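What follows is calculated from the coordinates using simple rules that are stated; it is not laboratory data. Bear in mind that the values here come from a model prediction, so they are computed numbers and not experimental data. No Cβ is skipped: glycine too gets one built from the backbone with ideal geometry, and neighbour counts run over all protein chains shown.
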Amino acid sequence: MIQHEEIEKVENFWNEHLCGKQFVNEEIYTPAFFNEYRAFRYKKEHHLLEIINEYDSSNKDTLEIGLGVGADTTQWAAKSKSHTGIDLTDEAVYSTTKHLELLGLKGTIVKGSAEELPFKNESFDLVYSQGVLHHTDNIENTFSGIHRILRPDGEFIIMLYTKDSFNYWFRIQMYFRARMLAEIFKNKIGLKSNPTWAEHYQNFKKMGWKYLSWKEFPHHCTDGPSCTIANIYYKKEIIDLLAKHNLIVERTEKYHFPISSKHPKLERSLAKYLGFYRFYWGKKI
Ligand SMILES: C[S@@+](CC[C@H](N)C(=O)[O-])C[C@H]1O[C@@H](n2cnc3c(N)ncnc32)[C@H](O)[C@@H]1O
């Protein structure tokens, strides 16, 4: 079932927090803003260009779900036969459309939800979605939609937060939880938290100890305290859920361990074991 209320909360969050804009100092939506963002992104997450470039889409109709500022959209639009992007928010749709326009690239950008993909059956050869589907209320709705809109033998490349990571066990469940307890104590004795922890504390005041529960707290510890849905999955859980919808995983790999981008080889080696997220490559059967 589609929970429109939950989707609306996610939409409001991402409309207010255009993904990536916090990393760039230039005036938003200017050529300098987009150039600086792409440079920052592909230096920090250097594997992304490799992942996109290794796929030959010159003869393929590709679909990207969840766009943010539209950096990856520009890569796909430059190389695919046709590229379509969909996002839940006006902000991301506007940003991505502008980004393509400024680089003189063609693409079809539409507003809509991953849980109700507004496309005809069997209309794409590849679905690419990086860091998005863990923000959906019901990921199975997205998997069944992806199966429906992929052509026979169509492929997918999907990135999701993974539980077998340093991020989940050490950073969120241990360090962030301990820090939250310290921040609660601090506030109780009249001291102030920094803006991020003040937001966590406001959430705690609204939700009580439930905020710190095993299930609830991680939602607020990846993309910001006011993010309402950020699920973190076990690899097997995702492989099984995709298989249930006849989407077969052929390869997976973990990426992203945030040490200095001056050491990409070391970063890649650590990320292989401890990485924050996992890419899944596979196809429709
Ligand atoms: C973390 S950002 C990732 C954006 C981009 N893929 C990137 O790597 O920068 C998540 C994006 O997914 C979009 N999003 C979240 N839930 C969605 C949904 N149910 N359907 C479509 N887009 C969604 C948000 O609006 C936001 O632009």
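Observations on the model:
- Neighbour cut-off at most 16 other Cβ (10 Å), DSSP loop, GluC sites (Glu not before Pro), the stretch 24-88: 26, 27, 54
- Annotation: the antiparallel percentage among DSSP beta bridges lying fully within the chain is about 45.
- Summed side-chain charge close to residue 216 - residues other than residue 216 whose Cβ falls under 12 Å, Lys, Arg +1, Asp, Glu -1: +4
- Taking a straight line from the alpha carbon of residue 21, these lysines sit under 17 Å away, with near neighbours fewer than eight places off in the same chain left out: 43, 44, 98.
- Here the stretch 71-183 is treated with +1 on each Lys and Arg Cβ and -1 on each Asp and Glu Cβ, and its dipole about the Cα centre works out to around 260 debye.
- Unit charges at the beta carbon, dipole of the stretch 166-220: most positive-side option, 203, 189, 217: 189
- Computed from point charges on the beta carbon alone (+1 for Lys and Arg, -1 for Asp and Glu), the dipole magnitude for the chain about its Cα centre is near 1100 Debye.
- Karplus-derived HN-Hα couplings along the stretch 95-103 (A = 6.51, B = -1.76, C = 1.60, θ = phi - 60°), whole Hz, x at Gly and Pro: 4, 5, 4, 5, 4, 4, 4, 5, 9
- Across the chain, Cα pairs under 8 Å and at least six residues apart give a relative contact order of 17 percent.
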